[in-house]
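Every number here is computed from the coordinates shown, using simple stated rules; none is lab data. Not measured: the values here are computed from a predicted model. No Cβ is skipped: glycine too gets one built from the backbone with ideal geometry, and neighbour counts run over all protein chains shown.
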Amino acid sequence: MSKTSKYKKTVLKVNEGIEQPSSINIEAVEKLKQRKPELLSIENYIKGIRNGNRSVLSKAITLVESSLPKHNKISQEIIEKCLPYSGNSIRIGITGVPGVGKCTFIEALGKYLTGLGRKLAVLAIDPSSTRTKGSILGDKTRMEKLSVDTNAFIRPSPSAGTLGGVARKTNEIIILCEAAGFNTIFIETVGVGQSETAVHSMVDFFLLLMLSGAGDELQGIKRGILEMADAIIINKADGDNLNKAKLAKSIYKNALHLYPPTESGWIPTVDICSSITRMGINKIWDIILQYYLLTKKNGYFLRKRQEQVKHLMFDNINENLKDNFYNNKVIAKLLSDIEKELLSGKISSYIAAQKLLNKYFLSIKED
């Protein structure tokens, strides 16, 4: 007997294992698919929102977020009926570089405001993220104290694929929150980018959070972001960072002097705070109130709100026209052929666009 055959006889035989069950409950998934959201009457939505019923408010916001035409029609009726009860809040945009501590800052300022008896709604907007779908769900778990505060409401404002889509939905959610009695609205953006422009178009006060160790960070911020800021707050001004934060404050103050006077008559403020120790948090609210009183008195507050709703109207027109163009059956058939002509160098981009637009307008006339 060879050494190899002897070895084979002594090897243990391992029986095949049983098939492992799926980690997903298929039956539960099917039930969830078949389950239809419970719709209330318009009157019950309005009544619930006005009474501050968070469950009804959340359901109404879900309708606003929905892309179904049926839900869109209902949500617009709710928005229209809530409009007379909206507008009585201070809308504050909060943004900052990654790692600046937005969550901790929002919780610190939020808890201070609810302690004063104010009702706070925190919304988040992240139109640039298609992979993570935003970060507020993670933020909510970090804001443990604020998330269980009876005077606070935290809700994501989901990405609709475009800045205009996000802005529209967030504006409508603001109206619902204001009708529910929330007199302070925080709109948080994730990172510093194009989303800040969308947020700036829907808030009264724009707050930019920064880190200490100033100098190089000025080069990392777009000029437009600094121009939009009504206040720059250097966060994490505690421990060894305190002196660095004070240095950063002076650098930002000098930088802001290079910008022309603001239309509002407000001089952008730079200050420091610590979200951990709560140092400077009350002062930030005082800055916001000073801005509010000044712009209310000189009429800029109302003018800005009026410009925002007008701007939103034109944004909606542009978004609807674009959607209508790409959903047009004639365009859908022709688009591929035009693209081939363009890529082969037979026509220019201008001619390609003109051909598509001509076909689009012709199809509308024929309809």
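Structural remarks
- Other residues with beta-carbon under 13 Å from the beta-carbon of Lys283 carry, at +1 per Lys or Arg and -1 per Asp or Glu, a net charge of 0.
- Label point distance in nm, Leu293-Asn358, each placed 7 Å from Cα along Cα→Cβ: 6.4
- Estimated inter-spin distance, Phe314 and Lys333, nm [label 7 Å along Cα→Cβ]: 3.6
- Full-stretch length increase - Tyr112, Ala255 - with 0.36 nm per residue and alpha-carbon distance subtracted: 48.5 nm
- Cβ-based net charge around Lys355, under 15 Å, with every Lys or Arg adding one and every Asp or Glu removing one: +1
- Overall form of the stretch 34-84 per C-alpha gyration tensor (a/c, 1.5; a/b vs b/c): oblate
- Ordering Val56, Val64, Val199 from the fewest to the most neighbouring beta carbons within 10 Å gives Val56, Val64, Val199.
- Peptides 251-263, 90-102 ordered by average Cβ neighbours within 10 Å, highest first: 90-102, 251-263
- Note that the stretch 295-367, at 20 °C in a medium of 1.002 mPa s, gets a Stokes-Einstein diffusion coefficient of 143 µm²/s from its Kirkwood radius over C-alpha pairs.
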